[in-house]
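As structure tokens, the structure follows; a few thoughts come after it.
The values are calculated or read from the model by the stated rules, or taken from the named source; none is laboratory data. All values derive from a computational prediction rather than experimental measurement. Positions of Cβ are backbone-derived with ideal geometry, glycine not excepted, and every protein chain shown enters the neighbour counts.
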């Protein structure tokens, strides 16, 4: 008599166990590949913004946008000033890992910001996004009407134009939990990564988002785009008086094991 060639129950269980082990090994790798590909797309979106900034500054004697009168439009002025250069394009507003607004239950670091007053109903392109400006690049001396401004931030520390000596180390726009901010060299990292801290007065926390495996994406004043490890954020020249030689802050637990570069 011929022996049966069918799997026994034990053999079937062994095959299932091997498949489960292989999936356990492969899935994290596949997830990393997926995250890396989205990081590349994020940089592509930022390069599109870089082109918009290039066109704007070329037509503005190398100056970055002025601010809106009053404080309400300060952070979001870049979205209005650059509109002639990006038109109705919507994809470039978002890091592909942060396309859902925090009011729709998205969690940091993968939450998009939402403009106050537009938090109900259908959100229009430009009302929310996941990139923000280093507001120190603004021309803080005047508002969009050419009038002298008065902000709580010192005008003399703003870059205003593209004349920095090391433009490749001056952030302009990148992954952000808000439309922008004024990072200071004594800002500290947030204790809990998922905590949405918009009004705590420490703007570095708006950019300190681990969207890309311990890093975030930025474009710089030379209009290049690159991934920046979070611990390196304190080594970038955010403003004219930002001290990049200060000792590193005390890293919270969620950042402690991250690479320095």
- In region 104-121, residues that are at pLDDT 80 or above, outside any strand (DSSP E or B) and touching a strand residue (DSSP E or B) at 6+ places or on another chain (Cβ under 7 Å) total 1
- Determine if region 123-131 includes at least one residue that is modelled with pLDDT of 90 or more, in contact with a helix residue (DSSP H, G or I) (Cβ under 9 Å, 6 or more places away or on another chain) and more than 17 Å from residue 102 (Cβ to Cβ). no
- Query: Of these, 52, 98, which one is at pLDDT 85 or above, crowded, with 20+ Cβ neighbours inside 10 Å and over 21 Å from residue 206 (Cα atoms)?
  - Reply: 52
- Task: Go through (1) under 22 Å from residue 62 (Cβ atoms); (2) under 24 Å from the mean Cα position of the chain (by Cα); (3) at pLDDT below 75 and name the single condition residue 161 misses.
- Result: (3)
